[in-house]
1. Looking only at the stretch 187-214, count how many residues are open to solvent by 40 Å² or more (accessible area, probe 1.4 Å) and not charged (D, E, K, R).
2. Residue by residue through the stretch 168-186, note down the ones that are farther than 26 Å from residue 241 by Cα, open to solvent by less than 60 Å² (accessible area, probe 1.4 Å) and not in a loop (DSSP other than H, G, I, E, B).
3. From the residues in the stretch 141-162 that are touching a Leu at 6+ places or on another chain (Cβ under 9 Å) and touching a residue at least 24 places away in the same chain (Cβ under 8 Å), which one is surrounded by the most Cβ atoms within 10 Å (Cβ to Cβ)?
4. Can you list the strands (runs of 3 or more DSSP E) found entirely within the stretch 28-130 that contain at least 3 residues being hydroxyl-bearing (Ser, Thr, Tyr)?
5. Could you list all residues from the stretch 215-229 that are more than 26 Å from residue 181 (Cα to Cα) and either open to solvent by less than 30 Å² (accessible area, probe 1.4 Å) or in contact with a strand residue (DSSP E or B) (Cβ under 9 Å, 6 or more places away or on another chain) (or both)?
6. I'd like to check something: does the stretch 72-83 contain any residue that is within 27 Å of residue 228 (Cα to Cα), of a type outside the set (A, V, I, L, M, F, W, C) and open to solvent by less than 60 Å² (accessible area, probe 1.4 Å)?
7. Taking residue 232 as meeting all but one of (1) of a type in the set (D, E, K, R); (2) open to solvent by 10 Å² or more (accessible area, probe 1.4 Å); (3) over 30 Å from residue 31 (Cβ atoms), write down the number of the exception.
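The values are calculated or read from the model by the stated rules, or taken from the named source; none is laboratory data. None of these values were measured; they are calculated from a predicted model. Heads up, the Cβs are rebuilt from the backbone with ideal geometry, glycines too, and the neighbour counts pull from every protein chain shown. The area values use the complete protein model at the heavy-atom level, side chains included, leaving out ligands, DNA and RNA. Shrake-Rupley method; radii C 1.70, N 1.55, O 1.52, S 1.80 Å.
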Amino acid sequence: MRDSKKQQVIDLLMACETKNYLPLEILHPTEFVQHSSGIGNGIDGMKKIIQESPSDIKVDVRRIFQDGDYVFAHVETSLEISLISFHVFKFSGNRVIEHWDNIQERQPLNLSGRSMIDGETIVEDLQKTFHNKIIAEQLVRDVFFDGQVDKLASYFDGNQYIQHNPWLSDDISSIWKVINEWVKKEKIMKYEFVHKILGEGNFVLLMSEGYFHGAHTSFYDLFRIADDKIVEHWDNFESILPDDQRKNNHGKF
């Protein structure tokens with residue numbers, strides 16, 4: 001059933017490209033709640049997205065994970081521009097009852113030559129899922145909530161690290177410098193809430209809320225962890241729209 005739900009979500013995410021409406025059958029007909037700011041309420045909102053997608057759209061589901069009733073994916077959608085997104089689906093039984101996403105325009109390669117979407121995809125260490133979720137949450141709380149940037153190095157094994165954030169690099173010292181400016185000096189980035197922590201083995205996703213350059217922002221951070229150390233990181237962020245600008249009547253989280 002675990003792999004079946006993953007495949008169902010892949011088929012649903014691919015529907016904009018395949019123009020196949022059958023994957024929508026996994027959505028609960030009356031209880032489905034949509035949190036994506038650009039999609040209307042219910043199944044009709046999802047149908048409209050498929051209908052309005054251009055014929056040349058390409059959808060690449062690069063990573064797919066499951067944590068209990070939740071399936072979450074890391075996706076690139078190619079149109080005139082490329083969009084990098086995280087999607088989270090909550091199941092009740094065999095039906096999806098809730099969907100969240102976070103979408104950012106793809107940025108140029110970072111200083112280490114890495115994109116926002118490439119990197120490892122293989123799930124390992126299933127027995128360490130809970131432990132790895134604790135590590136990822138504590139890193140975010142120490143550094144981005146409490147501003148304890150000096151603790152940053154303790155979460156990594158030297159420079160054995162792969163960074164996909166477009167404004168950072170693999171070099172831990174350079175990451176320390178940038179984050180120190182963001183979190184402490186200039187207050188550019190501020191996390192205020194962690195809404196969900198989802199994981200499967202060596203991968204952990206945090207869905208957080210805060211401010212970036214003063215704008216109300218949703219932060220999604222995906223970590224890969226090995227031997228209790230952060231070894232790879234992907235993220236994106238999206239401005240949180242006021243309620244009157246959303247296409248549905250549900251909040252971002």
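1. The first filter runs over the stretch 187-214 and keeps only residues open to solvent by 40 Å² or more (accessible area, probe 1.4 Å), leaving 187, 190, 192-193, 195, 197, 211, 213-214.
Then keep just the ones that are not charged (D, E, K, R); that gives 193, 195, 197, 211, 213-214.
The number of residues fulfilling the criteria is 6.
2. Matches in the stretch 168-186: 172, 174, 175, 178, 180.
3. Ranking the qualifying residues of the stretch 141-162, first place goes to 143.
4. Details: elements: 58-67, 70-78, 82-92, 95-105.
In the stretch 28-130, the matching strands (runs of 3 or more DSSP E) lie at 70-78, 82-92.
5. Initial filter on the stretch 215-229 (more than 26 Å from residue 181 (Cα to Cα)): 226-228.
Once the filter is applied, which keeps residues that are more than 26 Å from residue 181 (Cα to Cα) and either open to solvent by less than 30 Å² (accessible area, probe 1.4 Å) or in contact with a strand residue (DSSP E or B) (Cβ under 9 Å, 6 or more places away or on another chain) (or both), the stretch 215-229 yields only 226.
6. If we filter the stretch 72-83 for residues that are within 27 Å of residue 228 (Cα to Cα), which is where we start, we get 72-75.
Next, only the ones that are of a type outside the set (A, V, I, L, M, F, W, C) stay: 74.
In the following step, the residues that additionally are open to solvent by less than 60 Å² (accessible area, probe 1.4 Å) were identified as 74.
Within the stretch 72-83, one or more residues are within 27 Å of residue 228 (Cα to Cα), of a type outside the set (A, V, I, L, M, F, W, C) and open to solvent by less than 60 Å² (accessible area, probe 1.4 Å).
7. (2)
Per-residue answers, yes or no, for (1) out of contact with any Ser or Thr (no Cβ under 6 Å at 6 or more places or on another chain); (2) at pLDDT below 95; (3) among the small types (Gly, Ala, Ser):
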{"residue": "9", "(1), (2), (3)": "yes, no, no"}
{"residue": "15", "(1), (2), (3)": "yes, no, yes"}
{"residue": "19", "(1), (2), (3)": "yes, no, no"}
{"residue": "43", "(1), (2), (3)": "yes, no, no"}
{"residue": "64", "(1), (2), (3)": "yes, no, no"}
{"residue": "72", "(1), (2), (3)": "yes, no, no"}
{"residue": "79", "(1), (2), (3)": "yes, yes, no"}
